[in-house]
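Heads up, the thing below is written out as structure tokens.
The values are calculated or read from the model by the stated rules, or taken from the named source; none is laboratory data. Predicted model only: the values in this text are computed from it and were never measured. Here the Cβ positions follow ideal geometry from the backbone for every residue, glycine too, while neighbour counts run over all protein chains shown. Only protein heavy atoms, including side chains, enter the accessible area calculation; ligands, DNA and RNA are left aside. Shrake-Rupley method; radii C 1.70, N 1.55, O 1.52, S 1.80 Å.
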Amino acid sequence: MTACRHDDLVGRLRAAGLAAIADLGLDGGGDDSSDPAVITGYKKLRGKKLPPAKKQVNQLIAAERAVCEHALAHLKNWRVLTRLRLDVKWAIRLVGALMVLNWHEIAR
């Protein structure tokens, strides 16, 4: 949350015309609730239950996030990026290529 505010993540996403899906830890990041740039799920209030519709929204968000979480976990397991000494633009291309390989592996 602190890094999000420090780097003005929400402002940068809006400027680029992008949006992000985040976990509940990023809730309240200074985002406009009528037009969010960062989409989070619903938190359960203490002593209350979430309605089925909000539970379903949380499940959909979790399913979308799981794909990226798994891909990042694979990158960590492969340890390809641990000793990377490249220009940032080449590192981004390498990560993109690894993500494509990961998708290909999942599709099998």
Looking at region 33-46 only, could you name the residues that are farther than 11 Å from residue 23 by Cα and touching an Asp or Glu at 6+ places or on another chain (Cβ under 8 Å)? 37
Looking only at region 47-68, count how many residues are open to solvent by 90 Å² or more (accessible area, probe 1.4 Å) and under 16 Å from residue 22 (Cβ atoms). 3
I'd like to know if region 58-75 contains one or more residues that are outside any helix (DSSP H, G or I) and within 19 Å of the chain's Cα centre (by Cα). no
Are there any pairs with C-beta distances below 6 angstrom linking a residue in region 1-25 that is touching a residue at least 40 places away in the same chain (Cβ under 8 Å) to a residue that is of a type in the set (D, E, K, R), with the two at least 6 apart or on different chains, and if so which? 21/64; 21/65
Is at least one residue of region 84-101 in contact (Cβ under 8 Å) with a residue 12 or more places away in the chain, open to solvent by 70 Å² or more (accessible area, probe 1.4 Å) and either touching a strand residue (DSSP E or B) at 6+ places or on another chain (Cβ under 8 Å) or more than 24 Å from residue 17 (Cα to Cα) (or both)? no
